[in-house]
Amino acid sequence: MTTQTANTIGWIGLGRMGEAMVKRLLAGGYKATVWNRTASKAEPLVAYGASIAASKVDLAACEVVFTMVSTTDDLKEVLFGTGGLTTGKLLPKVVVDSSSISQEGSAEIRERLEAMGVAYLCTPVSGNAKVAKAGKLLMVSSGPRALYDKAEPYLQAMARKVMWVGEGELARVWKIAHNVMFGVVIQNLCEITVMAEKAGIPRHVFLESINDSVLGSMYTRYKTPVLTNLDFDHVTFTPKLLLKDMDLGMASAKKYGVAMPAAAATRESVSRMVGRGHDDVDFSILLLETAKDAGMTLVSENKVIDDGLQAK
Ligand SMILES: NC(=O)c1ccc[n+]([C@@H]2O[C@H](COP(=O)([O-])OP(=O)(O)OC[C@H]3O[C@@H](n4cnc5c(N)ncnc54)[C@H](OP(=O)(O)O)[C@@H]3O)[C@@H](O)[C@H]2O)c1
């Protein structure tokens, strides 16, 4: 990608993920111009070398525009809504979206963008903002292979590994499957942790043993501090976003005719957590809800625990 504004990246969406990801690009020596609906979130990026766009259409001149917003409708809004990226005289060349959205919504967006001559790559990610900050994201793309090859250097600057899984919206299916497992694992981890604690094993001891077993993963390790110390105000991912992803998973299960009983039970549990009013807290507050169902009130164990996510 080496035309008029070579090395200039446009970025829309500076939530938890977007902010951490664009900072990796800036640290990698790329120039970025950013836009966020809530403008105050963009201002601190200037100290990291970013320029701020007054409007989304101004980003159309960039070599590539990345988007990282919440839902399918939000992505449509920033691309095609009032003042959207594609609504000016100049059309963007390439849009790379990393939001977790539906396969159908993504296909509709592809159709609209490609009809305008705008290239489109889906690149959802695995990892939360702390993982992104540490440069440890996995980024999985789908769309034209040649486009992926051109975008790869940018993706490499944000990730520990990048992959291309095929044409069209296949990366959306990958992300939906990934987040179904993300939900099912936290559901099960909460259940077994509560059971172990009720039987008498301290949480940090139980979690340490799981982390060092064949079942331990980067995910169980980085959730261990919050599950031990109950510090749910440090939000990595909200209950509502997890419910969105479980719903995307159930829709895919229906579409492809695959029975997913573990995912279905988890979806209901996450829905109950959202219904109980948990909003701007970490989704792992599911532990407290699971404990309540077992007649337990948990307290913090106040332990200093390494989550293995030091920035590199
Ligand atoms: N957090 C994670 O661990 C994680 C991991 C992988 C993938 N994801 C996915 O990444 C996406 C972003 O997640 P996040 O945790 O960064 O969410 P977040 O902190 O809630 O940020 C959402 C971002 O989208 C913007 N936005 C939402 N609706 C918009 C609209 N209609 N118009 C313009 N901007 C809009 C928000 O702008 P404002 O600042 O103005 O609200 C904000 O910049 C989601 O699809 C999520 O499922 C999250």
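Within the stretch 15-27, the residues that satisfy the criterion of being near the ligand (Cβ under 10 Å from one of its atoms) and among the small types (G, A, S) are G15, G18, A20.
Taking the stretch 262-306 as the search range and keeping residues that are touching a Phe, Trp or Tyr at 6+ places or on another chain (Cβ under 6 Å) and part of a loop (DSSP other than H, G, I, E, B), which one is nearest to Y222 (Cα to Cα)?
First pass over the stretch 262-306, keeping only residues touching a Phe, Trp or Tyr at 6+ places or on another chain (Cβ under 6 Å): 281-283, 285.
Next, only the ones that are part of a loop (DSSP other than H, G, I, E, B) stay: 281-282.
Values: V281: 16, D282: 13 Å.
The selected residue is D282.
If you go through the stretch 54-100 and pick out every residue that is among the small types (G, A, S) and assigned to a helix (DSSP H, G or I), you end up with 2.
Take the residues in the stretch 104-155 that are in contact with a helix residue (DSSP H, G or I) (Cβ under 7 Å, 6 or more places away or on another chain) and part of a loop (DSSP other than H, G, I, E, B); name whichever of them is surrounded by the most Cβ atoms within 10 Å (Cβ to Cβ). Only one residue tops the list, namely T123.
Would you confirm whether any residue within the stretch 110-122 is within 11 Å of the ligand (Cβ to nearest atom), in contact (Cβ under 8 Å) with a residue 24 or more places away in the chain and not aliphatic (A, V, I, L, M)? Full working, then the answer.
Of the residues in the stretch 110-122, the ones within 11 Å of the ligand (Cβ to nearest atom) are none.
No, the stretch 110-122 has no match at all.
Considering the conditions (1) near the ligand (Cβ under 10 Å from one of its atoms); (2) over 24 Å from E169 (Cα atoms), T82 is excluded by exactly one of them, (1). For the stretch 187-243, filtering for residues that are in a loop (DSSP other than H, G, I, E, B) and among the charged types (D, E, K, R) leaves 3. Tell me yes or no: at least one residue of the stretch 162-183 is small (G, A, S) and not in a helix (DSSP H, G or I). Within the stretch 162-183 (the criterion being small (G, A, S) and not in a helix (DSSP H, G or I)), the answer is yes, since at least one residue qualifies.
This table checks each residue for (1) surrounded by fewer than 14 Cβ atoms within 10 Å (Cβ to Cβ); (2) within 14 Å of the ligand (Cβ to nearest atom); (3) on the phi > 0 side of the Ramachandran plot; (4) of a type in the set (D, E).
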| site | (1), (2), (3), (4) |
| --- | --- |
| I12 | no, yes, no, no |
| G29 | yes, no, yes, no |
| A32 | no, no, no, no |
| V69 | no, yes, no, no |
| T72 | no, yes, no, no |
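Taking the stretch 195-235 as the range and being over 12 Å from S284 (Cβ atoms), among the hydroxyl-bearing types (S, T, Y) and within 16 Å of the ligand (Cβ to nearest atom) as the test, only S217 passes.
When you look at V57, is it among the hydrophobic types (A, V, I, L, M, F, W, C), assigned by TED's automatic domain parsing to the domain that holds L147, buried (at least 21 other Cβ atoms within 10 Å of the Cβ) and within 16 Å of the ligand (Cβ to nearest atom), yes or no? Explain how you work it out, then say what you get.
Details: among the hydrophobic types (A, V, I, L, M, F, W, C): yes; assigned by TED's automatic domain parsing to the domain that holds L147: yes; buried (at least 21 other Cβ atoms within 10 Å of the Cβ): no; within 16 Å of the ligand (Cβ to nearest atom): yes.
Here the answer is no, as V57 does not meet what is asked.
The values are calculated or read from the model by the stated rules, or taken from the named source; none is laboratory data. Quantities reported herein were computed from a predicted structural model and do not represent experimental measurements. No Cβ is skipped: glycine too gets one built from the backbone with ideal geometry, and neighbour counts run over all protein chains shown.
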